[in-house]
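See structure below.
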Amino acid sequence: MQDRARILSLTIIMAIACMVVSFISIFPLYRTALKEERERLRETARSQARLIEAIAEFDLQYSSDFPDGSLAATLSQIRNAHKKYQGFGKTGEFVLARKEGDFIVFFLSHRHHDFDNPAPVPFDSRLAEPMRLALTGKSGTTIGPDYRGTNVLAAYEPVNILNLGIVTKIDLAEIRQPFIKSIIASLIVSLLLVLTGIFSFLKIGNPLITRLKNHTGELEQVNKTLLAEIESHKNTGKMLKESGAMFRSIFENASDGILLSEIDTKYFITGNNRISEMLGYSLEELKNMRVMDIHPETHLNMVLSEFENLARAGKKSIENVPCIRKDRSVFYAEINGATIHIGGKKYNVGFFRDVTDRKKTEDALRENESFIRTIMENLPIGIAVNTVNPVYFKYINQNFYNIYRTSKDKLKDIDSFWDAVYEDPEYREEIRNRVLNDCASGDPDKMHWEGITLTRKGEETTFLSARNIPLSDENLMISTVWDVTKFKNLEKQLEQAQRMEAIGNLAGGIAHDYNNISSIILGYAELALDNIKPDDPAYEDIKEIIKATERSIEITRQLLAFARKQTVSPKVLDLNDTIGNMLKMIKRLIGEDIDLAWVPGDKIWPVKMDPAQIDQIIVNLCVNARDAIGDVGKITIETGNIRFNQDYCNDHLEFKPGEYVMLAVSDDGKGMTRNQITKIFEPFYTTKKIGKGTGLGLSTVYGIIKQNNGFINVYSEPQKGSTFKIYIPKEQTGEPIDDEHDERSFDLQGKGETIMIVEDDDAILKLVEKMLSGLNYHVMCASNPNEAITLATNYPGNIVLLITDVILPEMNGRQLSERLKMQFSTLKVLYMSGYTANVIAHRGVLDEGINFIAKPFSCNDLAKKVKEALDAADEKINNC
C-alpha cells in the first residue's frame, strides 16, 4: 500500500510539474506574441496616420478645386483604398473616426457589421474606448472593448491635421487561441509521457530492487530473479503494447495532419484523422493516392523537387504549400517532413499544419504594404524618410531622385545628398547651412523652403519647393520636394501679360488726348496753308508743321494699335494672297543685299483681319529683320496651319486651344538676349541707335495680334538670328473675299446741305465748322446733346447729316442720333472720336454700315467721309 501511495504521489507531483513547466514555457511565448502584436499594431497605426497626414497636406495644396474641398478629396482616397482591404486575420480591422459633438462618427465601413455607414457611438460610452483615446490626442495601445463590446488589443493614433483618430485592432481571443491549444496539447503529451515513464520505471526497476534486498539464499535468489525476469518480460510486453496504443492515440488525435508515404512510389501508406479532415478523403481513399494527387499542377514541380530534397537530406520544412481538397478547394499548409526507415524501406512522414488564415494575413499585410508603396511611388512629389539619430535613409521614392535629378547610386547616404544635388559649391554650402539650421530649430514652419534653384551645366534650371515633417516620437524625418518650375514660368508669363496690359491702357489714354490736340493743330495748319501763297515765307513753315503733325498722328496710331484700340475694318482673306501681293514692296523695302524667301503654306485656312493690319505686321517685322541683319543676309516669310491642344496651352498662359494660321518672319541677323526679348513689345523700347527708330514697331505688331485674338512667340539667340511666329485664329464663317478698293473719284464740294456738328471740345467744334463751311455746307453747331436737340427742334428745314462725337455728356452719340431720327427720318450719321470705335463696335471692330472717322483727320479726309455718308444714303434711296 505504501508503494502505491508513493507511486500515486509521484504521479501527481510529476503531473503538476508538467502543467507548471508547460505553462511556464508557453506563457512567455504568449506574452512575447502579445508584445509583438502590440508593436505591430502601434507601428501600423502610426504609419497609416502619417500617410493620411501627408496625403491631406498634399490635397490641401493641390486639390482645393475638388468638390467639397481638400478634406473630401483625402477621405475619398482613403475610402477607395479601404474598399480593397479592410483588415487582417479573422478579426483584424482598421477604424477611422472623428468627434462630432458628443458622438464618435466613423468614416469607414465596419468589418463585423453588414453596412457601409456605421452608426455613431456616444463619446462617453465605454464602447470604442481605443477611438476615444485617439480623438483626445493620445497615442499608444490598450486592451478594452471596441464598438461591438468585444475585448480587443488596439493601437490608437491621432491624425492631427484632420482632427481624426485611427485605430488598428484585433480580438484578444484570436491572439490567445493558438497558445491555449498548445498548452492543452502539451499537457496531454507530457502527462502521457510521465505515466509511461513511471510505469516503465516501476515495472523494470522493481525486480532489481527486490533482488538486492533479498540475499537469503543463492537458490532462492536465483529462483526469485528468474521469476521476476519472467514477470518483467510479461509486463514489458504489456507495457509496449500499451505504449504503442498510446502513441497511436497521439498519432490519431494530433492537431496537425500526418501522412506517411513511400519515397520510391510516392504512394501514401497511412495517415491520421486530422489529415483526412483537412483533405476531405477517407484513410482508405488516401492509400490509393500519391503525392501528386493532392497538389495543383502549377506547384507540382516544386513539391516533387522538395520531396527529392527530403529524401536526400532526411529532414525538410516547406511553407505555404497549396493542397487540393476532395471538393477541389485549396488550402495552404506548412509541411515539416522527415525520412524514416521501416523494415529496410525508406518512408517520408509529413506533418501538415493548415496556415491558410496566416497566409491570408501575410498576403493582406503585403498587399497593404504594396498599396502604400504604390501610392508613395506615384505621388507627384518626391518623398524620403530618414532616421534622425543616427541619420540614414529608410525610404526614398523614385520622384525624389527624379526631381533632384540624381540617382540611387549617387544618393547612398545623407552626407552624399548635397554633393549629388547641388553642383555649385557656394550655393551648396548656403542651402545646406540654411536647411540644417532650420531643421535644428525644431520649428515645422521653418522647415518649408520656397524657390530652391537647381542648376547644372548644360541643363535647364529648375525651381523646387521642399518641406520637412519631423516625427520626433518615431525618431524620423519625412522630406518632401516638388517641382515648381512650371508655376514659376507661368508667373513670369502672367507678370509680362499684366505689364503689357498696363502699358497698353496707359498708351490708349495718352493717344486719345493726343488725337484731340493733333486734330486742332493739323486742321488749322491746313486752313492757314490754304489762305497763303506758296511764295509766302510762312508757307514752308506751315508745311513742316503739317508734316510733324502727320508724323505724330502715325505714332498715335501705332500706340492705339499696341493698346488694341485701333479702329479696323476686318475682312475674310487668304493670308497667302495678301502677303503675295506685298512681295515687290517688301523687296524694295529691305534692299538688294538681303534675300527674301517666301514659303507659303499649302491650303491655309482663311482669317478675318483688316488687310491694312497685315501690311503693318509684315512691314514692321521685315524692317526690324533688315535692321538686325545690317548688311547681307536672308529674310524668310512662311505661313501654315496649326492646332494647339490644352496641354500646350497649360504651359503657355496667353495661348488658347484651337485652330490657327501661322505667320512666321525669320532672319539670320544679330539676334537678341533673353532680357531683350522680355522688353521688345514695350512701347518706345529699342536697341537701335538714337534717331534710327521710335521703338513702336513691335509694339504695333503686338497690339494688332492681341486685337485679333491671336498670339505671338519670339525665338532668338545672340548672333544666330530671330523668328517671330504669329498665330491668327482660323475664320469659321466664310471664304476669303477679294478686297476691291473703291476707285471712284469724289466731288468734295457740298451743295448747301445742312449738317449738324455735336462736339464737346470747343476747339475741334470750331475747326470742323470752318472745314465744312469751306466745302459749301450749311453748318449747325452744338457743344452737348441737349443743345443739339433744342436746335434741331427749332430748325424749320431738313438736317441731312449728323456728325457727332461718340463720347458726350448727358448721352452718347448713338443715343443722340436715335433721338434726332425721330424728327428727321432720313438723317444720316457720321461718328468721330479721339478714342476708338469701341462704344459703337465690339472690341474696336466697326459693324458694317456705320460711318466713322477717327481723330485726328485732315480736311480732305473729312470731306471724303461726308461725301461717302451722303452718297451711300442716295444709293439706298435709289434702290428703294
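The values are calculated or read from the model by the stated rules, or taken from the named source; none is laboratory data. In this text, all values refer to a predicted model and were calculated from it rather than measured experimentally. All Cβ positions, glycine included, derive from the backbone under ideal geometry; neighbour counts span all protein chains shown. Areas reflect the complete protein model, heavy atoms only, side chains present, ligands, DNA and RNA absent. Shrake-Rupley method; radii C 1.70, N 1.55, O 1.52, S 1.80 Å.
Under the combined filter of DSSP loop state and at most 11 neighbouring Cβ atoms within 10 Å, segment 339-438 retains these trypsin sites (Lys or Arg not before Pro): LYS408.
Estimated at the nearest 10 Å², the accessible area of PHE655 is 20 Å² with a 1.4 Å probe. What the phi angles of segment 435-448 give under the Karplus curve with 6.51, -1.76 and 1.60, with θ = phi - 60°, is a coupling list of 5, 5, 5, 5, 5, 5, 5, x, 8, x, 5, 7, 8, 9 Hz, glycine and proline written as x. Show log10 I(q)/I(0) for segment 575-729 at q = 0.10, 0.11, 0.15 Å⁻¹, two decimals, from a solvent-free Debye sum over equal Cα scatterers. Summing over Cα pairs of segment 575-729 leads to -0.34, -0.42, -0.80. Working from label points 7 Å from Cα in the Cα-to-Cβ sense, the THR678 to SER825 distance is 6.5 nm. Couplings 3J(HN,Hα) for segment 44-49, derived from phi with the Karplus relation 6.51 cos²θ - 1.76 cosθ + 1.60 (θ = phi - 60°), are 4, 4, 5, 5, 5, 5 Hz, where x marks Gly and Pro.
Cα-Cα pairs above 24 Å in segment 380-486: how many percent? That fraction is 17 percent.
Overall dimensions of segment 254-361, expressed as equivalent-ellipsoid semi-axes from the Cα gyration tensor (√(5λ), whole Å, largest first), are 20, 16, 13. Using the Cβ-Cβ distance between ASN860 and ASN786 with R0 = 41 Å, the FRET efficiency computed as 1/(1 + (r/R0)^6) comes to roughly 0.80.
Given a Förster distance of 56 angstrom, what is the FRET efficiency for GLU868 paired with GLU460, based on the Cβ-Cβ distance and rounded to 0.05?
On the way: r = 57 Å, r/R0 = 1.02.
Taking R0 as 56 Å, the efficiency between GLU868 and GLU460 is 0.45.
3J(HN,Hα) along segment 773-783, derived from phi through the Karplus expression 6.51 cos²θ - 1.76 cosθ + 1.60 where θ = phi - 60°, amounts to 4, x, 9, 6, 10, 8, 10, 10, 10, 9, 8 Hz, with x in place of Gly and Pro. Spacing of the modelled spin labels on GLU592 and ASP424, each 7 Å from Cα toward Cβ, amounts to 5.2 nm.
Quote to one decimal, in nm, the extra length available between ILE263 and LYS138 on full extension: 0.36 nm per residue of separation minus the C-alpha distance between them.
Values: separation 125, 0.36 × 125 = 45.00 nm, distance 5.93 nm.
So the extension gain works out to 39.1 nm.
Largest accessible area first, the listed residues THR700, THR91, THR150 line up as THR150, THR91, THR700 when surface is computed with a 1.4 Å probe on the assembled protein chains.
Multiplying the residue separation of LYS446 and SER773 by 0.36 nm and subtracting their alpha-carbon distance yields 109.9 nm.
Between LYS181 and ASN794, 0.36 nm times their residue separation minus their Cα-Cα distance comes to what? Intermediate results must be reported in sequence, preceding the final value.
Values: separation 613, 0.36 × 613 = 220.68 nm, distance 11.88 nm.
The LYS181-ASN794 span can extend by a further 208.8 nm.
The H on the amide N of TYR147, modeled in the peptide plane, is under 5 Å from the matching H of ALA128, each at least 5 residues off or on a different chain.
Using a cutoff of 8 angstrom between alpha carbon atoms and counting only pairs six or more residues apart, the relative contact order for segment 575-729 works out to 24 percent.
Given charges of +1 on the Cβ of Lys and Arg and -1 on the Cβ of Asp and Glu, with all other atoms neutral, how large is the dipole of segment 254-361 about its Cα centre, in debye to the nearest 20?
Working: 16 positive and 15 negative charges, 37 e Å.
For this selection, approximately 180 debye.
A crude spin-label estimate for the pair ASN288 and ALA763, with each label 7 Å from Cα along the Cβ direction, gives 12.2 nm.
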